[in-house]
Amino acid sequence: MIGRGPGAGNDEYIYFLIAGLLPWLGLNEGVVRSTTSIVDNAPMVRRLAFRSELLVVVPNATSLIFETVGLVLFLGFLLMRGAAPKLIWILPIALLLQFSLQVGLGWFVAATYVFFRDLLPILGFALSIAFYLSPILYPVAGRFERFFEWNPMTPLLGLFRSAMLSEALPGIGSLVFLLVVTVVLFTGGLAYFRRAQGTLADLI
């Protein structure tokens, strides 16, 4: 196990930080770009035969590709340092959960942005707060541990750190919580988007 928080050595903390920062940057970029994906592609949305929900999937897929490239480079660096991850098979699972989570959020914000154009700065502020309320800069420990258990980013980042840094897997309860939140956001976001889809073309 090489991933530690700020109390560890400099190298270990950098590994800890990168393993949490790369997934966050991918999710942040995907959700932000999803917000304007419908408005920015208005001519395509007006074509009745076009499935406009796919416009939200594209920026999230792109952000995930760039994130994966960063993770592969990070993995190569770890291998050169002699720190071969033992649980690397978890990485595709973590990426799939992240993709489903951010696409679900993307459908929510993309449809809402059509009706409420001031959403983007509010979303940026909310994501900034979420960054500091997620275990990216520091590990979950001490009196704040119970608080972080209600943040789905906690088990998600835990999976990435388990895959890249051979840290212990998140508890089964945390993983079930992550799965439930992901399924609810994905299915709820898609249902919300499709319900609003009939009026999107008239408002963009």
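Which of the following residues is modelled with pLDDT of 95 or more and part of a helix (DSSP H, G or I): Val58, Val69? Only one candidate qualifies: Val69.
Of all residues in the stretch 175-204, exactly one satisfies the criterion of being among the small types (Gly, Ala, Ser) and under 16 Å from the mean Cα position of the chain (by Cα), namely Gly189. Would a scan of the stretch 47-54 turn up a residue that is in contact (Cβ under 8 Å) with a residue 24 or more places away in the chain and of a type in the set (Phe, Trp, Tyr)? So far as the stretch 47-54 goes, no, none of its residues is in contact (Cβ under 8 Å) with a residue 24 or more places away in the chain and of a type in the set (Phe, Trp, Tyr). Cβ-Cβ contacts under 8 Å between residues 6 or more apart (or on different chains), taken from a first residue in the stretch 73-100 that is in contact (Cβ under 8 Å) with a residue 24 or more places away in the chain to a second residue that is assigned to a helix (DSSP H, G or I) and among the charged types (D, E, K, R), are listed as Leu95/Glu67. The listed residues are Val184, Val176, Val180, and the only one of them that is more than 18 Å from Val103 (Cα to Cα), of a type in the set (Val, Ile, Thr) and assigned to a helix (DSSP H, G or I) turns out to be Val176.
Filter the stretch 80-119 for residues that are exposed (fewer than 12 other Cβ atoms within 10 Å of the Cβ) and of a type in the set (A, V, I, L, M); which is modelled with the lowest pLDDT? The residue in question is Ala84. Would you please name the residue that is modelled with the lowest pLDDT, looking only at residues in the stretch 141-158 that are in contact with a helix residue (DSSP H, G or I) (Cβ under 9 Å, 6 or more places away or on another chain) and assigned to a helix (DSSP H, G or I)? Looking at the filtered set, the residue picked out is Phe148.
When the stretch 113-146 is filtered for residues that are of a type in the set (Phe, Trp, Tyr) and in contact (Cβ under 8 Å) with a residue 12 or more places away in the chain, the ones remaining, listed by number, are Tyr113, Phe115, Phe131, Tyr138. Within the bounds of the stretch 49-62, is there any residue that is more than 17 Å from Leu203 (Cα to Cα), of a type in the set (A, V, I, L, M, F, W, C) and surrounded by 17 or more Cβ atoms within 10 Å (Cβ to Cβ)? Yes, the stretch 49-62 contains a residue that is more than 17 Å from Leu203 (Cα to Cα), of a type in the set (A, V, I, L, M, F, W, C) and surrounded by 17 or more Cβ atoms within 10 Å (Cβ to Cβ).
In summary, Pro43 fulfils each of the numbered conditions (1) assigned to a helix (DSSP H, G or I); (2) surrounded by 21 or more Cβ atoms within 10 Å (Cβ to Cβ); (3) at pLDDT below 95; (4) not aromatic (Phe, Trp, Tyr) with the single exception of condition (2).
Kindly establish whether Arg161 is surrounded by 14 or more Cβ atoms within 10 Å (Cβ to Cβ) and either among the β-branched types (Val, Ile, Thr) or more than 18 Å from Val31 (Cβ to Cβ) (or both). Taking the combined requirement at face value, the residue satisfies it.
Of the residues making up the stretch 131-140, at least one is closer than 25 Å to Ile90 by Cβ, among the aromatic types (Phe, Trp, Tyr) and not in a loop (DSSP other than H, G, I, E, B). Of the set (1) in contact (Cβ under 8 Å) with a residue 12 or more places away in the chain; (2) over 18 Å from Ser34 (Cα atoms); (3) of a type in the set (A, V, I, L, M), all apply to Ala196 but (2).
The values are calculated or read from the model by the stated rules, or taken from the named source; none is laboratory data. Values in this document were obtained by computation on a predicted structure and should not be read as measured data. We place every Cβ from the backbone using ideal geometry, glycine too, and count neighbours over all the protein chains shown.
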